Amino acid sequence: MHKFASHTSILAIGSGTFLYCYHQKRKLFKTVVADVSKSNAPCPSKEESESYVNIPVLPGEEIPEGPLLLSLCQVQVTFRHGARTPLHVIPKIEEAEFDPQFISREHQSTVFPYQRVSSVTNKPIGWSNYEKKLTSKLLRGGACYGALTSYGKDQMYQLGRTLRACYRDKLALCNYNPQDVIVKSSNIKRTVESAACVLAGLYTKNQLQLFAERNEPVKIFIPNEHYNILVPDTTNCEVLRKVNHSALLHPDFIPGMKEDRLKVEKHLAQIRQNHLECVEQVQAKINRHFEFENSLERTSEMNQFNQSYEHDPVLYPLFQERNYAILKINQFWYSVMLRHPILNEFFKEEDYNVLAYLRGMEAEEFQGKFASGYRIHFYFDSNPYFYNKHLCKEVSYSGETISAKNISIVWKPQAETKEQPSCFFDWYTQRTTDKKDDIGFALCDIYINPLVNLELPAKYRDRGDLPLNFVFCKDDITSRLAQGWKHPAELQMYQKMIQNNATKLLYYAMTGQHDLERLTVTRLSAGPLLTEMVNSAEQFISGKSQYKMCLYSSHDSTLIALLEVLGIWDGNWPPFASDVRLELHKELDRDQFYVRILYKGKVQRIRGQKEDFIHWTAFKRAISEYMIKEEEYAQICASNILEKIAKDILKHEEKEVVTKELQEQEATPAGM
């Protein structure tokens, strides 16, 4: 009995010792990881950095089985740019104001000399046609469409600081060296600026300025414009263009989209109709007044600008009441003037682009013994063209003498360099020399009863008549919220619907609507970038490249396609400054490499993998079907493959009428 107990004790001690050593090894690893993640140790020397680099593990995550001692070799980061102004605005509600003086200031921690160079020629390169188109028009307030904001710059700077905290010591990225890090960006200003901000956060602007002073400006590489790896290229790839066109510009063919769109449009139309009914009630009183105007006495009064005019004590307050009701209707005067037959003889589409910001107007006619004429007051919202909120023109006739005066226009700097609309401003600024002032008297006529014009056909398409697009709505709302604007009250109850439908549409636009086309479309959207990342890692493994960090400044459409390739798409639109990281690790005692993927800082297990760390060979096998070479990419893009796998996409274009709005929407695709 004693002998049996002795053997049992020895067995217990042996088992306990084994388990103790095993867990101590894991505990030691956990402790080292926890300490490193909070360490502020100085950047190690080159010799130290090549020895042992610990792997940061997120709090609460269980450390996976497998290799424990790994050396981090390389990190590739693909990120979306920071917060920007919208690419599209919602036509049926009031625009938000984006003033560049407040939202586009420089982030002082990110200002350093850099230059954009072609990745093909290594020479400076001009902006893309897409960027030039964005800067050719302005938002309300004067900012350009799709411009990186101050908040967006700070988001990217903070992302750079995060990368610095995670990888500076592990990869010995203490001082900027173009042999250690390469930066690539799509040829759009917001992504280039985002890349610069990330670099500033990673290295500090002082280091980058010092490098530029001693050597040359920091280089940000722009991919080949005919093979753009950083964005699903709907410009050069006809297959992607058709898929994108079908999903974003013909969403009604997707089940449920039309019903949801009509539901939201009906809601907005009802709100507008309720406000119109209030205007109609006051207008009815004004109309009755004109039927009996001869029975009323007029007196000479002074208006708010200390100008005399014939004041009707009954009519004037009615006009004020009506004008107040009109303020609640978005672009009311724009819709009225767009339908007035006389104004349509003179005004061009560019004129109506300005009048879309007209919030209110007053027309005052005066008559007397010595002179008669009119005064017209225009009240504008903040707009891209001029600073004035109030403009006024007065024309008086005295016998054969005609005099005209107006409030001078204070143009905005951005508008001075652009082609300004002619007819409206010509009429406003030039002296009237003829009693036949058709525009002036037409505006006076409109002011008496503007509602009658709403029943007439418009010369150009009214912005308010454009169908609602969920992706464009999402784009506008997200940009508003990022700058501190409230969610539009008219769409508050449909917030979730807009979010879900917009995300679904952009996903379809980048990966295809059906299973048959998904592999082909996703491969075209993300394959070039994926292949670039795999090649960069393999060059590092083989010793042909020394890049420890590769930064790719891209777009939400890029991330959606990349997440789909990796099998970690979660159905949510990638937010501003979100990032996907590919970490390359090497075993210390063997020449074996492993990959770990992170999205928004969290470890992801791709394509059904059960471990956080995937062997390099297994990783390539998992994503191999999505990789693509430039020659094959060009062949597929020029092929008729959609006729074989997705005929329903093509039928939308068969009888399509190509309008100016359609061309503009296609030229500035969403997901950018």
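What is the distance, in nm, between label points placed 7 Å from the Cα along the Cα-to-Cβ direction at GLU538 and at GLN320?
Rounded to a tenth, the inter-label distance reads 7.8 nm.
Taking the highest mean first, how do the peptides 80-90, 380-390, 349-359 order by number of other beta carbon atoms within 10 angstrom per residue?
For the peptides 80-90, 380-390, 349-359, the packing ranking is 80-90, 349-359, 380-390.
Which pairs break 28 Å Cα to Cα here: LYS504/LYS644; LYS153/LYS389; LYS92/LYS258; LYS459/LYS504; LYS219/LYS610; LYS348/LYS405?
LYS153/LYS389; LYS459/LYS504; LYS219/LYS610
Along Cα→Cβ, 7 Å out, is where each label goes; now give me the distance between the ones at ALA634 and LYS405 in nm to one decimal.
Spacing of the two 7 Å Cα→Cβ label points: 6.8 nm.
Which net charge results for the neighbourhood of THR162, defined as the other residues with beta-carbon distances under 11 angstrom from its beta-carbon, given Lys and Arg at +1 and Asp and Glu at -1? Display every interim value, and only then the final one.
Numbers: positive: ARG161, ARG164, ARG168, ARG581, LYS600; negative: ASP579.
Residues close to THR162 contribute a combined charge of +4.
So how do 330-339, 507-516 stack up, highest first, on mean other-Cβ count within 10 Å? Spell out each step's value before the answer.
Details: 330-339: 22.7, 507-516: 21.0.
Ranking, from highest mean packing down: 330-339, 507-516.
A short reminder: the numbers here are calculations on the coordinates, not readings from a lab. Every value quoted in this text rests on a predicted model; they were computed, and no experiment measured them. With ideal geometry, Cβ positions are generated from the backbone for all residues, glycine too; neighbour counts draw on all protein chains shown.
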